[in-house]
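Novice: Just dropping this structure here.
The values are calculated or read from the model by the stated rules, or taken from the named source; none is laboratory data. Small disclaimer: the values here were computed from a predicted structure and weren't measured. The accessibility values were calculated without ligands, DNA or RNA, using every heavy atom of the protein model including side chains. Shrake-Rupley method; radii C 1.70, N 1.55, O 1.52, S 1.80 Å.
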Amino acid sequence: MYFKRFIAFVIDIFAAILLFIPISSIFILLRIEVLKVMLPLIIWFIILCKDCFNGRSVGKLLFNFQIIDKRTGRTTNPFKCIYRNLFYLLGIIDIIPMFGPQKMRLGDIVVKTEVVSCKHSLNGKNILMGLISVIF
């Protein structure tokens, strides 16, 4: 499962970069002066919000994963997803706990979320909703 989660994350990063290309192109075409710092911040914003639609991102849709709230067992809300993804900013520190007994990222431990296999199969609607979540 951990290898699939990693591949799903890599897919999410590529999706963020692919979404970033048209956004930066629009800035260039409209001759909007954007500080060089703003463009990487746009990518980080996309990554932070990637799981906000029903606890799933493009990569999670492809591998049938979903983020749930450990307390309720239900799909987590978008705010918890963003808070969970803020821990990506810590880099390797975020993933060190995955090698411990809980086998979870630091973001999951702090926010009390868990990535689980999802019962919903991949279909066109799920892919479309995943892409919409990345765009927003």
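Novice: Please work out how much length the chain gains when fully extended from ILE23 to TYR83, using 0.36 nm per residue of separation minus the C-alpha to C-alpha distance, in nm with one decimal. Show your work: numbers first, answer last.
Specialist: Working: separation 60, 0.36 × 60 = 21.60 nm, distance 2.40 nm.
So the extension gain works out to 19.2 nm.
Novice: Excluding residues on the same chain fewer than 8 positions from LYS112, give the aspartates and glutamates whose Cα lies under 18 Å from its Cα.
Specialist: ASP51, ASP69, ASP94
Novice: Heavy-atom accessible area of PHE6 with all protein chains present, probe 1.4 Å, nearest 10 Å²?
Specialist: 120
Novice: Viscosity 1.002 mPa s, temperature 20 °C: give me the Stokes-Einstein translational D for segment 33-88 in µm²/s, with Rh taken as the Kirkwood radius over C-alpha pairs.
Specialist: On the way: Rh = 12.2 Å.
The estimated diffusion coefficient comes to 176 µm²/s.
Novice: Quick one: pull the percent of accessible area on segment 1-115 belonging to carbon and sulfur, 1.4 Å probe, ligands and nucleic acids left out.
Specialist: Details: 5170 of 7020 Å².
Using a 1.4 Å probe with all protein chains present, segment 1-115 comes out at 74 percent carbon and sulfur.
Novice: At 1.4 Å probe size, with every protein chain present, just tell me what the per residue accessible area of segment 61-105 comes to in Å².
Specialist: Details: 2810 Å² over 45 residues.
Accessible area per residue, segment 61-105: 62 Å².
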